[in-house]
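The values are calculated or read from the model by the stated rules, or taken from the named source; none is laboratory data. None of these values were measured; they are calculated from a predicted model. Cβ placement follows ideal geometry from the backbone for every residue including glycine, while neighbour counts extend to all protein chains displayed. Protein only, heavy atoms only, side chains kept; ligands, DNA and RNA dropped before computing areas. Shrake-Rupley method; radii C 1.70, N 1.55, O 1.52, S 1.80 Å.
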Amino acid sequence: MAAVLRQHELVEPRHVEWPWFIPGTGGAPAVTRLSLTGPIDDELVFQRVQAMRPVGFPEAVEGDLLVEGPGVWLDEHGTPHGEYRLVELTVSPEHLGLSAEISVFHDIWGPFDFRGEPHPEVHQRNAPRLAAALRDLEALLGVPPEPGEATTFGKAVGYGVDEPVVMDGRGPDLTDQLRTS
């Protein structure tokens, strides 16, 4: 999955992070973050994850694995810009079966920026890249994506982000909802 997102330049895996859980009792007081020094699918990554099990909790198992790194978005002129956490991949290794979540953290996927200003060129240069990546993930996994919960910033629909309510040619101003840290 990370290779598909990387192929579309949506995330270049640089770190993986996961909590540890103790079967039958819950979370261990530990979260591990691993900087990647090579490809994420290298067998050494799996070995390093296993070697980082908290010493005080030898029965601990890995929780949801978060893959993060920079991605590329295109401005209205087609100029590429790097952005850390443009897209994140979370893989859940539940005993009932694997699941994955793709999270997006930018206003480039929709037709309006976070101030509510239309940016059709930015949307047209980026939304199709996200849609293509989601289609490729669907082909890889053999199952269609399921939209997650709607947030203040948007709602997943199909292979992209639903268009917000438009008033007087503008989308909602969400700047008061943005974190400043």
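Given 0.36 nm per residue, what is the gain on full extension from R115 to D42 after removing their alpha carbon distance, in nm?
Values: separation 73, 0.36 × 73 = 26.28 nm, distance 4.14 nm.
Full extension of this stretch gives 22.1 nm more.
Order 36-43, 86-93 from most to least packed using the mean count of other Cβ atoms within 10 Å. Please report the intermediate quantities before stating the final value.
Details: 36-43: 12.6, 86-93: 19.2.
Ranked from most to least packed, the peptides come out as 86-93, 36-43.
Viscosity 1.002 mPa s, temperature 20 °C: Stokes-Einstein D of segment 1-112 from its Kirkwood Cα radius, in µm² per second?
Working: Rh = 15.4 Å.
This corresponds to a translational diffusion coefficient of 139 µm²/s.
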Report the gain in length on full extension from A150 to F57: 0.36 nm times residue separation, minus Cα-Cα distance, nm rounded to one decimal. 29.9 nm
Here the gain from full extension of Q124 to E94, 0.36 nm per residue of separation minus their alpha-carbon distance, amounts to 7.2 nm
Tell me, what % of the accessible area of segment 142-181 is carbon and sulfur with a 1.4 angstrom probe? 52
What does the helix-only formula give at 222 nm for the chain: each DSSP H stretch with n ≥ 4 adding -39500 (n - 2.57), the total divided by the residues, and the result rounded to the nearest 500 deg cm²/dmol? -6500 deg cm²/dmol
Regression test value, accessible area per residue of the chain, probe 1.4 Å, units Å², expected 61
